[in-house]
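Any read-out appearing in this document is the output of simple, stated calculations on the displayed coordinates, not a laboratory observation. Quick caveat: nothing in here was measured; it's all calculated off a predicted structure. Cβ atoms come from the backbone with ideal geometry, glycine included; neighbour counts cover every protein chain shown.
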Amino acid sequence: MNNYKIGEFIAKKRKELGLKQKDLAEKLFVTDKTISRWENGNYMPDLTILVTLADILNTSVYELLTGEETKEIKKENIETEVRFLYSLSEEDKILKYLKAYPQLTYKGCFKEKTIQYNHPMKEYDYYKKEVDARFRVRTTVNNEIKKCMITYKRRNENFLNEEINTEEEVEVSINYNEVDNLIYLLENVIHMNLVESYERKRHVFSNEDIEVVVDIYPFMIAIEVENKSIEKDPKTVILYYLNLLGFDLNDSYRLSWDDKYEELCNSQNIKQYNIVDNTKEMPVFLNHEFNLKN
């Protein structure tokens, strides 16, 4: 998110309405000096004032945060998130950084195992280009929580052309004690095809608007920033918190962990496994340091 671009956009919309900085300041109950700082790109308007500012300027909050006119925004995205990748050596630095933000609450560390299946009938192949979906069973465990989710996720047709990931997602929670029975039914009764499984450690930070997770894979770290707000525009929430935390949207990774795993295995001439865990030889994701500053 470019503060200077946003500032220029605010100034442009203000001038289109024939408003002086002082006029806009009076409508927002701030000083004209504050407006000047926004328009110069030195400061960002607070999230609590963005809705009112957008309304006065006859624009949307999303357009304010991107600094440009856009087409109508979809409001019914099931999952909206961005992802950033780093080397394994950066775990302590990342956790220290996120824990320093009072806007986020640390929820703890969890061990997750995910098994991904494909439909046994070719005409319903989840992985074919026309569908591009995943069916998975995920268990999440720590000293206090044990849970299992069945999830169907499907990428949007033009997901690579979107600056923020949006995916169809349907989830069902089941009793953790029934996981073995579920796996038996999927594999031996329905005859679902096991495609791959992977294990990771997940650190979770959240508030009422956002969830930030730090996923520790056997070969890299992925930080995901996901909208959790029901009422606010999901893309607006994502952009606001990326700016607050200092992430650059241009540095995000658009694909999934398995895409990066395949890429690294091929480039480093390492055998690719469909069961990914710490017992296997893994590729190395080097020289991707976490250098954000509070």
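Here the simple spin-label model places points 7 Å from the Cα toward Cβ, and for residue 33 and residue 194 these points are separated by 6.6 nm. Taking 0.36 nm per residue of separation and subtracting the Cα-Cα distance, full extension of the segment from residue 141 to residue 171 would add 9.1 nm. Which residues in the range 99-122 place their backbone N less than 20 Å from a point set 7 Å from the Cα of residue 262 along the Cα-to-Cβ direction? Label zone hits: 114-122.
With the gyration tensor restricted to C-alpha atoms of the range 157-282, the semi-axes of the equivalent ellipsoid amount to 29, 22, 15 Å, longest first. Working value for the range 42-153: equivalent-ellipsoid semi-axes of 35, 26, 14 Å, each the square root of 5 times a Cα gyration tensor eigenvalue, largest first.
Placing unit charges on each Cβ (+1 for Lys and Arg, -1 for Asp and Glu) gives the chain a dipole about its Cα centre, and among 273, 4, 256 the Cα reaching farthest toward its positive end belongs to 4. Using C-alpha pairs below 8 Å separated by at least 6 residues, the relative contact order for the range 159-252 is 15 percent. Over the Cα atoms of the chain, the radius of gyration divided by the Kirkwood radius equals 1.02; this is the Rg/Rh ratio.
Where both bridge residues fall in the range 79-276, DSSP classifies roughly 95% of the beta bridges as antiparallel. Pairs from the list 13/33; 129/153; 128/235; 201/235; 113/232 with a Cα-Cα gap above 24 Å: 128/235; 201/235; 113/232. Across q = 0.16, 0.17, 0.19 Å⁻¹, the range 100-156 modelled as identical point scatterers on its alpha-carbon atoms has Debye log10 I(q)/I(0) values of -0.66, -0.70, -0.77, in the order of the q list. When only the Cβ of Lys, Arg, Asp and Glu is charged (+1, +1, -1, -1), the dipole of the chain relative to its Cα centre reaches about 600 debye.
Among the trypsin sites (Lys or Arg not before Pro) found in the range 117-182, those both in a DSSP coil and sparsely packed, with 16 or fewer other Cβ atoms within 10 Å of their Cβ, are 128, 129. Taken over the Cα atoms of the range 3-66, the convex hull encloses 67 Å³ per residue. Translational diffusion of the range 119-185 was estimated from the Stokes-Einstein equation, with Rh taken as the Kirkwood radius over Cα pairs; at 37 °C and 0.692 mPa s the coefficient is 236 µm²/s. When you filter the GluC sites (Glu not before Pro) in the range 162-202 for DSSP loop state and at most 11 other Cβ atoms inside 10 Å of their Cβ, nothing is left. Computed over the range 249-290, the range of Cα coordinates on each principal axis works out to 33, 19, 19 Å, biggest value leading.
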